[in-house]
Amino acid sequence: MEEAVRISGLRKAYGGLAAVDGIDLSVARGEIFGLLGPNGAGKTTTIECALGTRRRDAGIVELLGLDPERDRKRLFERVGVQFQEMGYQDKIRVDELGELTTSLYARPADWRDLFDRLGLGDKRRAAVGELSGGQRQRLAIALALAPDPELVFLDELTTGLDPKARRDVWAIIKGLTAEGRTVFLSSHYMDEVEYLCDRVAILKAGKIVAQGTPAELMAANGVQRLEDAFLLFMEREEEGAAC
């Protein structure tokens, strides 16, 4: 298996609280990999440490064979990122964001083509504040694809979207791997992860409590839905902590 992401022994603490506590995982090239867990489980911290935007306390991280802290400039051109809180100014126009973002890269994708493919072609002159929630999320994906990346990180991408908008975004994510890209996403929506992901890691209180394909995790618990398997894993961890 050719790895796009390799994480070994990753740790990050804030004061005395371990937000990420010894995580090991790998993601093959061309996979959609899901990091699943409740709010506060450590999903965003894991992504930030993996990207090198937050310094890890311990562990090894390799993205496309490179260290994100040591090889930041080389990875910048090969990895796309959508963080949970992007903080766009409401008055900036969509086309201005496209031009600004692609200007940061040596060989960027054509932002006009990206916006057309993601259904934003008629919104180029619109201010960000005029976009709907689903349109903002599509914009976030478009900007994450600005460097024409091999690996894309998506953090809680569909939070707050209505069912139709969520499904539209899912179709876009599926299309990324059809283009040969690798996707690492975090979510607390079980139906989303079950539908999208080739493999999943379940995170609780900074620790991985289960890994495998959605089908494997469901079979291991004798259930038909990933949500039910997730709840069983959470219950077992709570019972173990109480013993």
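Points worth noting:
Residue-wise test of (1) within 27 Å of PHE184 (Cβ to Cβ); (2) buried (at least 17 other Cβ atoms within 10 Å of the Cβ).
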residue	(1), (2)
LEU97	yes, yes
LEU104	yes, no
TRP111	yes, yes
ALA127	no, no
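- When residues of the stretch 211-243 are limited to those that are among the small types (Gly, Ala, Ser) and modelled with pLDDT of 90 or more, the one farthest from LEU36 (Cα to Cα): GLY222
- LYS91 being surrounded by fewer than 13 Cβ atoms within 10 Å (Cβ to Cβ), more than 30 Å from TYR195 (Cα to Cα), modelled with pLDDT under 95 and out of contact with any helix residue (DSSP H, G or I) (no Cβ under 9 Å at 6 or more places or on another chain): no
- Test: residue in the stretch 59-67 that is surrounded by 15 or more Cβ atoms within 10 Å (Cβ to Cβ), in a strand (DSSP E or B), charged (D, E, K, R) and in contact with a strand residue (DSSP E or B) (Cβ under 6 Å, 6 or more places away or on another chain): yes
Let's see how each residue does on (1) β-branched (Val, Ile, Thr); (2) closer than 23 Å to GLU62 by Cα; (3) in contact (Cβ under 8 Å) with a residue 24 or more places away in the chain:
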position	(1), (2), (3)
VAL152	yes, yes, yes
THR158	yes, no, yes
ASP162	no, no, yes
ILE172	yes, no, yes
GLY175	no, no, no
ALA178	no, no, no
PHE184	no, yes, yes
HIS188	no, no, yes
GLU194	no, no, yes
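The values are calculated or read from the model by the stated rules, or taken from the named source; none is laboratory data. Note that the coordinates shown come from a computational prediction; the quantities given were computed from them, not determined experimentally. FYI the Cβ positions are ideal-geometry reconstructions off the backbone, even for glycines, and counts take in every protein chain you see.
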